[in-house]
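Colleague: Got a structure for you, questions after.
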Amino acid sequence: MSDETYLLVISPHPDDCEFGVAGTAARLSKEGKKVVYVICTNGDKGSVDMSLTSEKLVKVREKEELAAAKILGVKEVVFLGWPDQGLEDCDGFRRDLVRVIRRFKPYAVATCDPYRKYMNHRDHRIAGIVAADAVYPFARDHLSYPELLKEGLDPHSVREIWFWGTEDPNFKQDITGTIDLKLEALKCHVSQFGELPPEMKSRLREFSKMAAKDEKFEYAEAFHRVELRP
């Protein structure tokens with residue numbers, strides 16, 4: 001497997017990346033391409049179990065995400081540890097994302113589409129916006145966060161950004177050979193779905209089939225892709 005990172009996935013919470021990009025991540029990993037996950041929040045509020053404290057939930061969700069990433073062949077998982085429901089378009093969060101982009105130097109970055117109409121989780125909106133800003137121009141420009149240069153993190157120009165959960169898809173990835181791995185990875189998130197009900201599996205398969213409409217493959221993950229100048 002190449003040491004160069006092909007895809008850096010910036011996910012608001014543990015499990016968002018499994019919904020948005022897991023099939024693609026698994027396929028790229030099988031092809032020998034390096035995929036890295038960045039989990040922005042610790043997921044400390046994402047439970048309906050009244051017996052769970054935030055401290056316990058953080059440990060559970062981190063363990064679940066690591067198990068899911070292993071199934072998919074994701075090379076590394078970075079946990080930034082921001083509080084669930086607490087992401088802000090702020091200097092600290094943006095610097096954290098610029099740091100990981102410069103560290104891993106990916107060809108492409110995948111994150112959730114912040115421009116969905118009407119209802120959307122606030123952390124998803126903020127993560128998508130800040131990830132896009134971190135990609136361009138902050139990760140590219142050496143005078144942005146010059147303190148990162150002292151950490152040995154030189155500027156990096158990402159070539160593409162892929163937004164999942166988009167209402168304006170223009171790019172589809174074939175996950176026909178990895179949709180089962182996507183579902184297996186989702187099953188790791190027991191704190192969120194229990195045993196992953198059969199109806200959810202059916203909906204996910206149907207959704208993936210709809211995403212592949214007019215393509216030569218059966219299942220797909222759809223994105224809005226933005227290509228950036230080198």
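Colleague: Out of segment 57-83, which residues are over 24 Å from residue 102 (Cα atoms) and either out of contact with any Asp or Glu (no Cβ under 9 Å at 6 or more places or on another chain) or of a type in the set (Phe, Trp, Tyr) (or both)?
Modeller: Within segment 57-83, the subset over 24 Å from residue 102 (Cα atoms) is 57-61, 63-64, 67-68, 71.
59, 60, 63, 67 - these are the residues of segment 57-83 that are over 24 Å from residue 102 (Cα atoms) and either out of contact with any Asp or Glu (no Cβ under 9 Å at 6 or more places or on another chain) or of a type in the set (Phe, Trp, Tyr) (or both).
Colleague: Somewhere in segment 177-193, is a residue over 21 Å from residue 14 (Cα atoms) and surrounded by 14 or more Cβ atoms within 10 Å (Cβ to Cβ)? Show your work before the answer.
Modeller: From segment 177-193, those over 21 Å from residue 14 (Cα atoms) are 177; that's our starting set.
Within this subset, residues satisfying the condition of being surrounded by 14 or more Cβ atoms within 10 Å (Cβ to Cβ) are 177.
Within segment 177-193, one or more residues are over 21 Å from residue 14 (Cα atoms) and surrounded by 14 or more Cβ atoms within 10 Å (Cβ to Cβ).
Colleague: Quick one: how many residues across segment 194-216 are hydrophobic (A, V, I, L, M, F, W, C) and surrounded by fewer than 14 Cβ atoms within 10 Å (Cβ to Cβ)?
Modeller: Result for segment 194-216: 1.
Colleague: Related question: Looking at (1) surrounded by fewer than 17 Cβ atoms within 10 Å (Cβ to Cβ); (2) at pLDDT 95 or above; (3) under 28 Å from residue 121 (Cβ atoms), can you tell me which one residue 149 breaks?
Modeller: All conditions pass for residue 149, except number (3).
Listed here are the residues, each with its yes/no results for (1) surrounded by 22 or more Cβ atoms within 10 Å (Cβ to Cβ); (2) touching a Cys at 6+ places or on another chain (Cβ under 8 Å); (3) within 25 Å of residue 206 (Cβ to Cβ).
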{"site": "49", "(1), (2), (3)": "no, no, no"}
{"site": "74", "(1), (2), (3)": "yes, no, no"}
{"site": "114", "(1), (2), (3)": "no, no, no"}
{"site": "119", "(1), (2), (3)": "no, no, yes"}
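Colleague: Every residue in segment 206-219 that is within 14 Å of residue 165 (Cβ to Cβ), touching a strand residue (DSSP E or B) at 6+ places or on another chain (Cβ under 7 Å) and of a type outside the set (S, T, N, Q), please.
Modeller: Once the filter is applied, which keeps residues that are within 14 Å of residue 165 (Cβ to Cβ), touching a strand residue (DSSP E or B) at 6+ places or on another chain (Cβ under 7 Å) and of a type outside the set (S, T, N, Q), segment 206-219 yields only 211.
Colleague: Another question, if that's okay. When residues of segment 127-141 are filtered for being surrounded by fewer than 22 Cβ atoms within 10 Å (Cβ to Cβ) and either under 15 Å from the mean Cα position of the chain (by Cα) or free of Cβ contacts under 8 Å to residues at least 12 places away in the same chain (or both), how many remain? Steps first, answer last, please.
Modeller: Just the residues of segment 127-141 that are surrounded by fewer than 22 Cβ atoms within 10 Å (Cβ to Cβ), to begin with: 129, 132-133, 136-138, 140-141.
Okay, now just the ones that are also either under 15 Å from the mean Cα position of the chain (by Cα) or free of Cβ contacts under 8 Å to residues at least 12 places away in the same chain (or both), so 129, 132, 137.
Number satisfying all stated conditions: 3.
The values are calculated or read from the model by the stated rules, or taken from the named source; none is laboratory data. Small disclaimer: the values here were computed from a predicted structure and weren't measured. In this analysis, Cβ positions are derived from the backbone assuming ideal geometry, glycine residues included, and neighbour counts consider all displayed protein chains.
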